[in-house]
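The values are calculated or read from the model by the stated rules, or taken from the named source; none is laboratory data. Source: prediction; values computed, not measured. Reconstructed Cβ throughout: ideal geometry from the backbone, glycine too, with neighbour counts over all protein chains shown.
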Amino acid sequence: MKPGQVAGVLMIVGGALVVVVGLIILAALMAAGGLYVAGFAVGVVFLVIIALPLAGAGIFLWIKAGQEGKDEENAAKQRKILEMVATRGELRISDAAIELKASRDQIQSWVYNLVGLGLFSGYINWDDGMLYSAQAAQLKGLETCKKCGGKVSLAGKGVIKCQYCGTDYFV
C-alpha cells in the first residue's frame, strides 16, 4: 500500500473512531441523566461535523494515491519501452506487449506519449509491428520513406507518416 493510501485509511479510521467514541460518551451521559435528547442530538451533529471532513479527506487521499500508483506504473512501462528499443535497435510490438503485459493499443498510446514528451525519436511500422530506434537528426530532413521509398508528410506533432505503407516516423 502506498503512503498516501495508508494516510487515507488512517484518516477514515480516525473519523470513524471519533464518531464511535463520541456516541459512547453521549450515550453514557444520557444514561446517567446528565443529558437530554436534544443535547444528544446536538452532540451527534457536532460529531458528524468533525468526522465527515476527516473521513472525506481520507477517501480523497486513498483514491489519489491509487491513481498516482497507476501513473507510476505506466511511466515505468514507458521507460521499459525506451530501454528495450535503445538496447535492441528495433523492437517487435508483440514482444513489448508480452514483456509489459499490455495490449497493442496501450503500446501505441505509450509510444505516442513518449514522442509528445520528446523522449523518443525513431520510426514504427504498425502493419509490420516493428519499432525502430533512430537519431532525430537522421529523421529531420526525411522526405521519402526508408521502408518503401514513398513520400512522407507531417502527420502531427513530431510525427511524419508515409502515405503509402503507413510507417510513422517520430522526430
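Taken over segment 115-126, the criterion of being farther than 17 Å from Arg92 by Cα and either out of contact with any Phe, Trp or Tyr (no Cβ under 9 Å at 6 or more places or on another chain) or not β-branched (Val, Ile, Thr) (or both) is satisfied by Gly116, Leu117, Gly118, Leu119. Does Val9 satisfy the condition of being without any contact (Cβ under 8 Å) to a residue 24 or more places away in the chain and out of contact with any Leu (no Cβ under 8 Å at 6 or more places or on another chain)? For Val9, the condition - without any contact (Cβ under 8 Å) to a residue 24 or more places away in the chain and out of contact with any Leu (no Cβ under 8 Å at 6 or more places or on another chain) - is not met. Taken across segment 33-49, residues that are more than 28 Å from Met130 (Cβ to Cβ) and of a type in the set (Ser, Thr, Tyr) do occur, with at least one present. Counting only helices (runs of 4 or more DSSP H) that fall entirely inside segment 71-171 and contain at least 3 residues that are out of contact with any Leu (no Cβ under 8 Å at 6 or more places or on another chain), modelled with pLDDT under 85 and surrounded by 13 or more Cβ atoms within 10 Å (Cβ to Cβ), the qualifying elements are 136-140. Among the residues of segment 90-131, those that are more than 14 Å from Val159 (Cβ to Cβ) and among the hydroxyl-bearing types (Ser, Thr, Tyr) comprise Ser94, Ser103. Selection of segment 1-52 for residues being buried (at least 17 other Cβ atoms within 10 Å of the Cβ) and not β-branched (Val, Ile, Thr) yields Gly4, Gln5, Gly8, Met11, Gly15, Gly22, Leu26, Leu35, Gly43, Leu47, Ala51. Within segment 44-67, does at least one residue satisfy the condition of being closer than 30 Å to Ile124 by Cβ and within 27 Å of the chain's Cα centre (by Cα)? Yes, the conditions are met somewhere in segment 44-67. Within segment 81-102, residues that are in the same structural domain as Asn113 (by TED's automatic domain parsing) and under 17 Å from Asp168 (Cα atoms) reach no partner that is among the basic types (Lys, Arg) and surrounded by 14 or more Cβ atoms within 10 Å (Cβ to Cβ) with beta carbons closer than 6 Å at six or more positions or on different chains.
Considering Gly33, Gly4, the condition of being modelled with pLDDT under 95 and on the phi > 0 side of the Ramachandran plot is satisfied by Gly33 alone.
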